[in-house]
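The values are calculated or read from the model by the stated rules, or taken from the named source; none is laboratory data. Being a predicted model, the structure only gives us computed values, none of them experimental. Cβ sites come from the backbone with ideal geometry, for glycine too, and all protein chains shown count toward neighbours. When the accessible area is computed, the model is the full protein with side chains, heavy atoms only, and any ligands, DNA or RNA have been set aside. Shrake-Rupley method; radii C 1.70, N 1.55, O 1.52, S 1.80 Å.
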Amino acid sequence: MRRLYIVTYDICDPKRLRRVFKTMKGFGAHVQLSVFQCDLPEIDVIKMKAALVELINHQEDHVLIVDLGPTEGRPIKSIESLGKGFTQVERQAQVV
Amino acid sequence: MSEEAGDTPLSVTEEPLLPVRMLNEFAYCPRLAYLEWVQSEFADSVDTVEGRFHHRRVDESPKRQPLEDEAPADTETGIHQRSVWLSSERLGLTAKIDLVEGVGTTVAPVDYKRGKRPHVGKGAWEPEQVQLCAQGLVLRDNGYECDGGFLYFVGSRERVAITFDQALIDRTLELIAGMRGMARSGAVPPPLVDSPKCPRCSLVRICLPDEIGWLRQEHADDAQAASTLRRLLPARDDALPLYVQQPGARVKKDGECLKVVDHDEVLAEARLVEVSHLVLFGYVQVSTQAVQELCKREIPISYLSSGGWFYGLTTGLMHKNVELRRRQYAAAMDQRFCLRLASRLVQAKIANCRTILRRNHMAAPATVLQDLKRDLQHAGQAQSLEELLGIEGTAGRRYFAEFRGMLKADGAPPEFDFEGRNRRPPKDPVNALLSLAYAMLTREWTVTLHAVGLDPFLGFYHQSRYGRPALALDLMEEFRPLIADSVVLTAINNGEVQATDFIRRMGSVALTTEGRRRFIETYERRMSQEITHPVFGYQVSYRRILEVQARLFGRYLLGEIPNYPSFTTR
């Protein structure tokens, strides 16, 4: 079962910030500065948390993971977007 | 108290030391222990990943002096030692203990568990108690006094004290003996029946408890009865393949992603957690870092010519399940076994061809359908593989003679006229598409068989063709019409591939890069399509069905189920 998450972070050190950004690229789509939209099964959420916990400084940094519920079967109503639209990412095999 | 366990003769010399963790699995489910210990199967689930995450502190190698130097010398020193690795030759056990605490020579093992403390008697399930007790016994054999230990539940941050009383010690010894007996007997224990333990077991996809349990019974042909089966397989596949066919492109690893670049231009980025397979057409480069990462994650890399011919495969280490391959080699020597299996596969293929014709042909001639039905019966009575090959050939010609009728008259331009099957090289666009689709399916099956631990090159029906993935070709037969032919029909009838997408060279026909890209997308859509499993009655994608069929085939070879359930749709 996949769920949609919004992950935002505030990292105090530029080196750690880059690492967190690179790690987050592996789990979700980069929508805004320090904001990722992730459509993940439970197992990958744990992998993501494990990777982040290892990276950040627990005294200075802050990562917020917001769970928006299951992706399948119903539209995500908790998001209202002004300006540019919010798109849910389609999953399909990539051919380049 | 320590002498009682000490007198029991359990000495094992020939067999490897039994990890105490395995004892936990054995107490949970003997089949799970057999799969992990004897067949070396392993798969991650939410629980194992989370467990590893919580264990990361205790698994770090000890930074302080090892236990032996510290404790016995000075009886007053407190012991607090992480990740202690000890063995007992007498019990034939080896244990990695998360934490050992104590004073002097009196110690207690502490085992970290994910999740919350279960509200059951003694505060823990039996498998955990037994595991802890075995750790205690190993400590005793190494000269410590140990009458109890603790289970620490990370989820609720609770410590549960476990006393090693006589009953628990007896039970532990009994389980050690049971596990040894099981490993020595070489027979895999049957799956649990409708057990609540199965849905959260990490090996459920490998074990297939409900499916195997059902197929072992006599009613294997009554499809209705199975529709009540639990669906233990995940509904959707979380990972998808990545195809790279741009000549000169390079695939690199970038953090947790794969990056496809051409000179300085980024063509695509794919998250590693979402990639199931990397397929490279022609001259595409991969960095060593990417290869290593993919091997580590057990994601295979396939190399194909720019036309789609399958050259080879990079995987991590070979699958550890030797027992399965040994059975496969033995079975391939048995002529009667080969014939029985082959005729079943050919029957399923003819049945599926007939279904595809009935479904897609605007006016399928009744005589052809009848002929195919007769071929199907003949295939069941064939006396040799040669005879079977003849029957299959005849049925194939009948089927392809009607193939044109399944292409939409208005949608398909005259370029898509189809007279009959030809190949090496294909002489018209439809044959070119069919050849590519079969090549893709062969690759898919080769990779799947490799991944479940079978040898794709040793077949049962395709014995005569050397140097080809014979087992992949065998098991693929029944899926040719369902997947490959159906994809070709969809691509042409929906106009996804058009007459302009082909290059003609001296009588042979090939696809352009752009045409192939669209065709691969059609193919992948088909593979993701969910259909009702004809035997088990739940909905799964074709991608997952290939894996299930491969695993069931393995179970058939190991003698767990009486027949290979071939795949036919209605």
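Checking every residue in segment B:535-558 against the condition of being part of a loop (DSSP other than H, G, I, E, B), open to solvent by 40 Å² or more (accessible area, probe 1.4 Å) and at pLDDT below 85 gives zero matches.
Restricting to segment B:320-335, give me the number of residues that are part of a loop (DSSP other than H, G, I, E, B) and open to solvent by 40 Å² or more (accessible area, probe 1.4 Å). Of the residues in that region, 2 qualify.
If you check A:Glu42, A:Glu72 for being more than 18 Å from B:Phe53 (Cα to Cα), touching a strand residue (DSSP E or B) at 6+ places or on another chain (Cβ under 9 Å), open to solvent by 70 Å² or more (accessible area, probe 1.4 Å) and at the interface with chain B (Cβ under 10 Å from one of its Cβ atoms), only one passes: A:Glu72.
For segment B:541-548, indicate whether the set of residues that are within 14 Å of chain A (Cβ to nearest Cβ) and aliphatic (A, V, I, L, M) is non-empty.
No: segment B:541-548 contains no residue that is within 14 Å of chain A (Cβ to nearest Cβ) and aliphatic (A, V, I, L, M).
Count of segment A:20-30 residues, restricted to those that are open to solvent by 70 Å² or more (accessible area, probe 1.4 Å) and more than 8 Å from every other protein chain (Cβ to nearest Cβ), is 1. Considering the conditions (1) open to solvent by less than 30 Å² (accessible area, probe 1.4 Å); (2) over 21 Å from the mean Cα position of the chain (by Cα), B:Lys252 is excluded by exactly one of them, (1).
Screening B:Arg468, B:Arg505, B:Arg516 for residues that are within 22 Å of B:Gly282 (Cβ to Cβ) and either buried (at least 18 other Cβ atoms within 10 Å of the Cβ) or within 14 Å of chain A (Cβ to nearest Cβ) (or both) leaves exactly one candidate, B:Arg516. Screening A:Lys15 against (1) open to solvent by less than 70 Å² (accessible area, probe 1.4 Å); (2) more than 8 Å from chain B (Cβ to nearest Cβ) leaves a single unmet condition, (1). Residues of segment B:135-158 that are free of Cβ contacts under 8 Å to residues at least 40 places away in the same chain and among the charged types (D, E, K, R): B:Arg157 alone.
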